[in-house]
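Every number in this text was worked out from the coordinates using simple rules, so none of it is lab data. Fair warning: this is a prediction, and the values are worked out from it, not measured in the lab. As a convention, Cβ positions derive from the backbone with ideal geometry for all residues, glycine included, and neighbour counts pool all protein chains shown.
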Amino acid sequence: MPNLPLVRPGPTAPPAAVPAGSDPDDIDAVPLRHPWRWVIAMLLLVVFAAVAVSLWQNDNVNHPSISEFIFDRRILDGVVLTLVLTIVSMAVSTVFAVLLAVMRLSNNPVMNALSWLYIWGFRGTPLLIQIVFWGYLGLLYAQITLGIPFTDFSLFSVDTNTLIPAFTAGLLALTLNQAAYSAEIVRAGMLSVDEGQYEAAYSVGMSPTFTLFKVVLPQAMRVIIPPMGNETISMLKNTSLLSVIAVLEVYTVATQISSQNLRQVELLVVVSCWYLFLTSMLSIPQYYLERHYGRGNARTLPPTPLARVWAALRPTQRPTTNRADAP
């Protein structure tokens, strides 16, 4: 074996200084820059500003008419009626939806079939047709009679149009239609709860009803609240369909006013502003309900918008130095 020459190692460079409190093996990762994102964002901002300015400076829009009718008494009454229709319909349909969801998950074939048939019928037909059907129910039944079926005995009889005016017909149409959609949302939330929760509740002697309202639904609310909030906003906008049966909600009132002064565009702007305002107000309780029922799924919840504003306005406190530790 040949003898290899010995190589004396030369002087090595001194190791680089490592900051105190850091690991020398740590990797200082530098995030990748994306300059084109900012370019695209600026272009979108310019396009949005150009469209907004074009709409605002359009000569065909009469701005004094918008200011005149935005707080008109008739418009405000329509806004109140729209809000009442939305709240009452969502509240009643949610209760009905829980019942339908329980029937849909029941082992009783009759209850399961009836629930499926209801959901199939009301989800399969347009809401507009259902509104017209309830609004013109008097054409199908001139009198509504309460008595013993299949006999001539009756307790009382009343005219259908008197018993179900336009407001009641619209409320029935919105509530019954929404119950079908909300039932599927509630059913999905109930299915998201583990079967072990039912077994644990039954093992300690809880009844099925007590288990439903105290164990299952509180855990299912995390899944139910987000889509139910979207349904509430959709319900708010669907009230405009009641104009076909002359319910005086905000869109119907605006249509009546615009037919008199021929300011259709201006009144549509007024209605759109109120819908945007009401939608924003309804989004606030949805946000806090999601935070309330999502507490068990996140270690730390993000701060609320008010907390962020308060943190931005509050002056940062400088860390105080203990005199005993001072040099």
**Prompt:** Along region 83-91, what does the Karplus equation 6.51 cos²θ - 1.76 cosθ + 1.60 (θ = phi - 60°) give for ³J(HN,Hα), rounded to whole Hz, x for Gly and Pro?
**Reply:** 5, 5, 4, 5, 5, 5, 5, 5, 5
**Request:** Step through the residues of region 105-122 one at a time and calculate ³J(HN,Hα) from phi using the Karplus curve (6.51 cos²θ - 1.76 cosθ + 1.60, θ = phi - 60°), rounding each to whole Hz and writing x for Gly and Pro.
**Result:** 8, 6, 7, 6, x, 5, 5, 5, 5, 5, 5, 4, 5, 4, 4, 4, x, 7
**Between helix 217-238 and the chain: long-axis angle, C-alpha atoms, 0 to 90°, nearest 10** = 60 degrees
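Using the Cα centre of the chain as the reference point, and only Cβ charges (+1 on K/R, -1 on D/E), how large is the resulting charge dipole? Debye, rounded to the nearest 20.
Details: 19 positive and 19 negative charges, 151 e Å.
Charge dipole, the chain, about its Cα centre: 720 debye, nearest 20.
How much FRET efficiency would the formula 1/(1 + (r/R0)^6) give for Tyr198 and Leu44, where r is the Cβ-Cβ distance and R0 is 35 Å, rounded to 0.05?
Details: r = 50 Å, r/R0 = 1.42.
Once the sixth-power term is evaluated, E becomes 0.10.
For the chain, what does -39500 (n - 2.57) per DSSP helix run (n ≥ 4), summed and divided by total residues, give at 222 nm, in deg cm²/dmol to the nearest 500?
On the way: 13 runs with 202 residues, N = 327.
Taken over the chain, the calculation gives -20500 deg cm²/dmol.
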**Complete:** Helix 250-261 sits off the longest principal axis of the Cα atoms of the chain, rounded to the nearest 10 on a 0 to 90 degree scale, by 70 degrees
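Report the local net charge at Leu99: Lys and Arg +1, Asp and Glu -1, summed over other residues whose C-beta lies under 14 Å from its C-beta.
Numbers: positive: Arg104, Arg187; negative: Glu184.
That sum, taken over residues with Cβ under 14 Å, equals +1.
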**Item:** Cα-based helix-to-principal-axis angle, 264-293 vs the chain, degrees rounded to 10
**Value:** 60 degrees
**Asked** For the chain, what is the relative contact order in percent, using Cα pairs closer than 8 Å and at least 6 residues apart in sequence?
**Response** 21 percent
**Complete:** Over its alpha-carbon atoms, the chain yields an Rg and a Dmax in Å of 32.0, 125
**Asked** Which stretch or stretches of region 202-245 have amide N atoms under 20 Å from the point lying 7 Å from Met281's Cα along the Cα→Cβ direction?
**Response** 229-242
**Item:** Full-stretch length increase - Phe156, Ala52 - with 0.36 nm per residue and alpha-carbon distance subtracted
**Value:** 31.5 nm
